[in-house]
Amino acid sequence: MHELSNIRAMALLPILEYPNPRLRIKAQPMTPADFTPELQQLIDSMFETMYTAPGIGLAATQVDFHKRLLVIDVSKDREEQLVFINPEILSKEGVGTLEEGCLSVPGVFDEIARAAKIRVRAQDRHGNVFERDCDDILAVCVQHEMDHLEGKLFVDYLSDLKRERIRKKLDKDRKEKAAKKPAAAATQAL
Ligand SMILES: [Zn+2]
């Protein structure tokens, strides 16, 4: 696990991949003492890691930092950085189904049903509390990333059979990658 004090010099952070057991660790709340210059550095590194991957959301859990922190940018131009610290869902409305992917489950996409609209309360990168209504892809993304903080992955919503197939596929992809054969790249992962 990364400690904030070690993270200063990092830019791109390694992303944990399924079935790494560290993805199952439940993230701890961020406290006022966590809002340090090192946290700002970590958030910038998480955005850089997410944009490079490329993805539209990243939970701290995925970079082996087990505190309640998410970064998201669902904008086309990749210039609307959203930070959610200690996020809580205040209300949910409706159900929508969207095809999801995940940077921790590369190359795998499947349809998952989630609340279509949510109202979230969280802190921004400076600790200021805000509330925001989210719908469409942003609602999906926040719910997907909040699951990561609970140690939950989108493949957990799929059948055991599908999950076993995915585990085998990723195992095969990793072996091929190790043998320097090109693997299929994800287009939009969360
Ligand atoms: Zn994910």
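Tabulated data
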quantity: Among (1) touching a Pro at 6+ places or on another chain (Cβ under 8 Å); (2) more than 24 Å from L158 (Cβ to Cβ) - the single one L70 does not satisfy; calculated: (2)
quantity: Residue in segment 97-109 that is in a loop (DSSP other than H, G, I, E, B), over 12 Å from the mean Cα position of the chain (by Cα) and polar (S, T, N, Q) present; calculated: no
quantity: Residue match in segment 126-148 (condition: closer than 14 Å to V83 by Cβ, within 15 Å of the ligand (Cβ to nearest atom) and among the acidic types (D, E)); calculated: yes
quantity: Subset of segment 27-67 (residues that are closer than 17 Å to F154 by Cβ, in contact with an Asp or Glu (Cβ under 8 Å, 6 or more places away or on another chain) and either assigned to a loop (DSSP other than H, G, I, E, B) or more than 11 Å from the ligand (Cβ to nearest atom) (or both)); calculated: A27, I56
quantity: Neighbours by Cβ (under 7 Å, 6+ apart or cross-chain): first from segment 148-171, on the phi > 0 side of the Ramachandran plot and surrounded by 15 or more Cβ atoms within 10 Å (Cβ to Cβ); second among the hydrophobic types (A, V, I, L, M, F, W, C) and part of a helix (DSSP H, G or I); calculated: G151/L23
quantity: Close pairs from segment 79-101: first touching a residue at least 24 places away in the same chain (Cβ under 8 Å), partner part of a loop (DSSP other than H, G, I, E, B) and β-branched (V, I, T), Cβ under 7 Å, at least 6 apart; calculated: G101/V108
quantity: Hey, A116 within 17 Å of the chain's Cα centre (by Cα), more than 16 Å from the ligand (Cβ to nearest atom) and in a strand (DSSP E or B) or not; calculated: no
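Read the figures in this text as sums done on the coordinates, not as results from a lab. Keep in mind that this is a model prediction, so the values were computed, not measured. A quick note on method: Cβ atoms are made from the backbone with ideal geometry, for glycine too, and the neighbour counts reach across all protein chains shown.
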